[in-house]
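The values are calculated or read from the model by the stated rules, or taken from the named source; none is laboratory data. Quick caveat, the model's predicted, so the values are computed rather than measured. Virtual Cβ from ideal backbone geometry, glycine too; neighbours counted across all protein chains shown.
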């Protein structure tokens, strides 16, 4: 896998590599996937740079060794007063252009076409059909699956442009101009769950006539120079978790500065998985880490006492990390000679609204305001901050890390703190009491809405909406060919696209109560030690069963989530299983595991009488984020 590293500032350009290479310019309209486009292009050994669209001039594009231009997606509508734009004269330069999502709409709008407000959004998988005439779809089947994430859509094309593809909900899903080499698609080619997205990028690069000369070795050498300049004569303390990102960051920094100048600081927050502390100590010392372990569980839990808001929890955890670090630095007189480092990767920054036009999906603990101030002051080192998870793994292999560390399931920095949902109100409501008016008006609604909310991402915006329990009468032992995870995932996408109050769908696997759901109890709970232990037990059951059934590598990640919800006055909590199939965390589908696995896991979890029910999250990303908070 090959990719380039960008500079550390957010000015013009946003991220810039060596000017000696041929390059593809990406105009960032603020989409959550703008940098994923760069990742896909870099993976094909072509340098990609990201620029703010309103700061790119025609003169600049003429003077550079630019082979193609890509217009990214974005969270806004072309109708909005302050929506991002670029000089439409760039479309007359003779340089191949590819529009994606917002870029698809802006391109048509800027050149005289018409865009309309969509009746309903289109999020997640969609079957796309093309006419076989456009070279951008060479070696792409006539019908294939691409990932949608939009509300508005095209109504009419500009003069000279030709329609070349559609979906059931989007008539003008792809168009092109044969003479100008301008191409445009409504869907997101860059997400891994667009089946032939990379093939379309390959076709575009061939049209651009690039020379494919960018490699991981060049990334390493350029980033090495930047880190040496930033760190100078100081030493580095790295916050480590034992996960992929911090392990690779530790190896990377050690490779550059040596073992004596790089130390690991591992904080036991009390929010880790069962046996995590012991695993981290063993694995990191196994790769030569000079590791200091601070056991601060009581401090973190005390800080979180009574806090229910997801954003506040993330900020508190981020601040608590800094408090612990400051206390440690003061006690060991390390202030003048040491910098703090963390294994931040790009999804952490882009989901926090890290670029000019981006919408904040959620605040990551390593992007809390106090942390950001230190970053702006140059006091925090982040060697992986422009990389995606797949690129981090590739770098880890390049550095010679053990496979077990490189391919370990990701685990969020805030730990189980963002997998324990909380509520500062309680209720014991009749079924459907919390369902919105549009559902109440239906005689047979296809789902039941839960009286709690989770984070989603729809049309590049963060949504904070209700999960919905899918209604399905058959048991998990059904031999019906439709009873597959793909079926539920498609159903979830369809319902979320249609109903505005939900952004996530779950399916009931097993229960401790009898009969059908009659009442739903929302319990008043925050993050407490007992709840952490409850989730640790369930999470451990999932991990052990994955390994026992040789399924650990069959999924990319497997969050286990605790909800303060019970049914029919039985138990206090419910568990959500969230198997994930992804590469880079920017897009994801449901991990396709056998029903036998879910049956075993649910049965063991329900041995805890506090658990009322066990559910399976069948939502793709988009519209649901991987984590619930």
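What to note about this one:
- Residues being in contact with a strand residue (DSSP E or B) (Cβ under 6 Å, 6 or more places away or on another chain) and more than 14 Å from residue 31 (Cβ to Cβ) - total across region 92-106: 3
- Residue satisfying all of: in region 310-321; touching a residue at least 12 places away in the same chain (Cβ under 8 Å) and surrounded by fewer than 17 Cβ atoms within 10 Å (Cβ to Cβ); nearest to residue 250 (Cα to Cα) among these: 319
- Only listed residue being within 20 Å of residue 329 (Cβ to Cβ) and touching a strand residue (DSSP E or B) at 6+ places or on another chain (Cβ under 9 Å), chosen from 270, 242, 264: 264
- Looking only at residues of region 210-242 that are crowded, with 19+ Cβ neighbours inside 10 Å and assigned to a loop (DSSP other than H, G, I, E, B), we find that the one that is modelled with the highest pLDDT is 210.
- Boolean, residue 252 is at pLDDT 90 or above, outside the structural domain of residue 539 (by TED's automatic domain parsing), under 28 Å from the mean Cα position of the chain (by Cα) and over 22 Å from residue 627 (Cα atoms): yes
- Taken together, the criteria place residue 307 among residues that are part of a loop (DSSP other than H, G, I, E, B), touching a residue at least 12 places away in the same chain (Cβ under 8 Å) and either assigned by TED's automatic domain parsing to the domain that holds residue 557 or out of contact with any strand residue (DSSP E or B) (no Cβ under 8 Å at 6 or more places or on another chain) (or both).
- Filtered residues of region 377-407 (kept if within 15 Å of the chain's Cα centre (by Cα), outside any helix (DSSP H, G or I) and farther than 10 Å from residue 248 by Cβ): 385, 386, 388
Residue-wise test of (1) within 27 Å of residue 121 (Cα to Cα); (2) without any contact (Cβ under 8 Å) to a residue 24 or more places away in the chain; (3) out of contact with any strand residue (DSSP E or B) (no Cβ under 6 Å at 6 or more places or on another chain).
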residue: 30; (1), (2), (3): yes, no, yes
residue: 41; (1), (2), (3): no, no, no
residue: 45; (1), (2), (3): no, no, yes
residue: 55; (1), (2), (3): no, no, yes
residue: 59; (1), (2), (3): no, yes, yes
residue: 64; (1), (2), (3): no, no, yes
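- Number of residues in region 458-470 that are at pLDDT below 85 and either surrounded by 22 or more Cβ atoms within 10 Å (Cβ to Cβ) or outside any strand (DSSP E or B) (or both) equals 3.
- Test for residue 251: is it in contact (Cβ under 8 Å) with a residue 60 or more places away in the chain and at negative phi: yes
- Taken residue by residue, region 345-352 has no member that is at pLDDT 85 or above, outside the structural domain of residue 585 (by TED's automatic domain parsing), part of a helix (DSSP H, G or I) and within 18 Å of the chain's Cα centre (by Cα).
- Hits in region 163-209 - residues which are under 22 Å from the mean Cα position of the chain (by Cα) and in a loop (DSSP other than H, G, I, E, B): 186, 187, 189, 190, 191, 192, 193, 194, 195, 196
- Test: residue 108 is in a helix (DSSP H, G or I), in contact with a helix residue (DSSP H, G or I) (Cβ under 8 Å, 6 or more places away or on another chain) and in contact (Cβ under 8 Å) with a residue 24 or more places away in the chain: no
- Taking the numbered list (1) at pLDDT 70 or above; (2) closer than 22 Å to residue 313 by Cα; (3) surrounded by fewer than 20 Cβ atoms within 10 Å (Cβ to Cβ) in turn, residue 411 passes all entries but (3).
- Screening region 267-278 for residues that are out of contact with any helix residue (DSSP H, G or I) (no Cβ under 7 Å at 6 or more places or on another chain) and within 17 Å of residue 560 (Cβ to Cβ) and picking the one that is surrounded by the fewest Cβ atoms within 10 Å (Cβ to Cβ) gives 275.
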